[in-house]
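Take a look at the structure below.
Each value in this text was obtained by applying a stated rule to the coordinates, not by laboratory testing. Only a predicted model underlies this, so the values are computations on that prediction, with no experimental measurement involved. Glycine gets a Cβ as well: all are built from the backbone with ideal geometry, and neighbour counts include every protein chain shown.
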Amino acid sequence: MRIRASLTIIICLLLIISGCADLLAEIMASAKVKKEAESMGSMTFCPDERPYRVGGMTGACVDEDGLSDYTGIKLHGTEDEEKTFVKGTKALQKGTDKECPKETPYYVSGFLGFGGRCVSKSEFNQYLSSGNIPDDEETKETKETKSCEYDSDCEPICEGDTMWKRGCNPRTNKCENTFDTDCSTLKITVGSKTYSKTCADGACTSSNIKEQLAALMQEKSDQVKALTAKKQTAQQVMMDANKNCINGLAEVTNKLIIDTGLSLASPAKKLADVASDATNAIFDNLVEDSKRMNAEEFIAVNCKLYESLKNDIRIIENKIDKFTDEAEEINAQLKKL
């Protein structure tokens, strides 16, 4: 009986420990998302009321509530759900700036930013799926009920990704749907990738593909610029660390130790999202504990920082090369469209 009771207690303890481990992992993952969003927001000048940038360099600036919603999707949702959240947030923020009415709170723009208008939630979902701004009710009604005499008087229309050719009904003198084409079945192969056309302004078009590729290329370009700036910061800190590493004991004064700790606060924050855990730990040591360091400890820590940053810079360079190659491939695809 005692053995059974002991086993029960042990099992309960294991379940509690397992639950605590999952909770701790969740907290750490959430903290990482917040740290990255805060760093990206600072680097891309998000306003004080929305200090976190989610969804990368071209993502949305959000407040604490927005970050909380994004974190839940980031940790437990899909990549498509994450992208939809970011696009929806940006469209709502644009809607606020454009003073869109309550019933159509989202603001979306056409290719290269032209032809934007306020849309409803359902219209925005249609925009997400097709990449094109749906006709407003007035435009749609005009096209569908247009008076005609000949077939040539009737303009084709889009219903989702379906393009309808239209003809004139001689009895009613109204335009009616005749032949349909599913634009999504029309494929364009660019390099090694295949894309589907969408319907816009009564025609199957690839403009949505160009817009997506142009936005993606801009995102890669922004990533290269951001990483290049961080690489330059890391190189400067690495050179300073190397200088402190090779200093003799007589050259290391209390003022040098304290000044170094103070001067590293800003670059440490800038490099937080690209530096390794080891480098971030060394930064914390130098920034927070410099006043308690002696000369030997200061020299040893700087030597470690030098070696650690060398590895970080190598990783940053690999990322820059990767994003540069991806941007060049996207640019080549754009030229073929």
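So here's what we get for this one:
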{"quantity": "Unit charges at the beta carbon, dipole of the range 26-130: most positive-side option, SER109, THR96, VAL62", "calculated": "SER109"}
{"quantity": "Cross-link partners of LYS336 among aspartates and glutamates (Cα-Cα below 16 Å; sequence separation of 8 or more within a chain)", "calculated": "GLU211, GLU326, GLU328"}
{"quantity": "Cα-only radius of gyration and Dmax that characterise the range 264-337, units Å", "calculated": "18.0, 63"}
{"quantity": "Across LYS121/LYS220; LYS225/LYS255; LYS102/LYS187, pairs whose alpha-carbon gap is larger than 32 Å", "calculated": "LYS225/LYS255; LYS102/LYS187"}
{"quantity": "Dipole magnitude of the chain about its Cα centre (Cβ charges: Lys, Arg +1; Asp, Glu -1), debye to nearest 20", "calculated": "780 debye"}
{"quantity": "P(r) weight above 21 Å for the range 26-130, C-alpha pairs, percent", "calculated": "37 percent"}
{"quantity": "Unit charges on C-beta of K, R, D, E only; dipole of the range 210-336, Debye", "calculated": "300 debye"}
{"quantity": "Helical segments meeting 30 Å axial Cα length and Kyte-Doolittle 0.0 threshold in the chain (DSSP H)", "calculated": "2-43"}
{"quantity": "Relative counts (whole %) of C-alpha pair distances in the chain, using bins that are 10 Å wide", "calculated": "5, 17, 21, 19, 15, 11, 7, 3, 2, 0, 0"}
{"quantity": "Placed amide H near THR178: partners under 5 Å, 5+ positions off or other chain", "calculated": "LYS165, ARG166, GLY167"}
{"quantity": "Residue-count net charge about GLY95 - beta-carbon cut-off 14 Å; Lys, Arg +1, Asp, Glu -1", "calculated": "+3"}
{"quantity": "Burial ranking of peptide ranges 82-92, 25-35 (average Cβ count within 10 Å, highest at the top)", "calculated": "82-92, 25-35"}
{"quantity": "Over the range 159-201: Rg over Rh, Cα atoms, Kirkwood Rh", "calculated": "1.22"}
{"quantity": "Debye equation applied to the C-alpha atoms of the range 210-336, log10 I(q)/I(0) at 0.15, 0.22 Å⁻¹", "calculated": "-0.69, -1.16"}
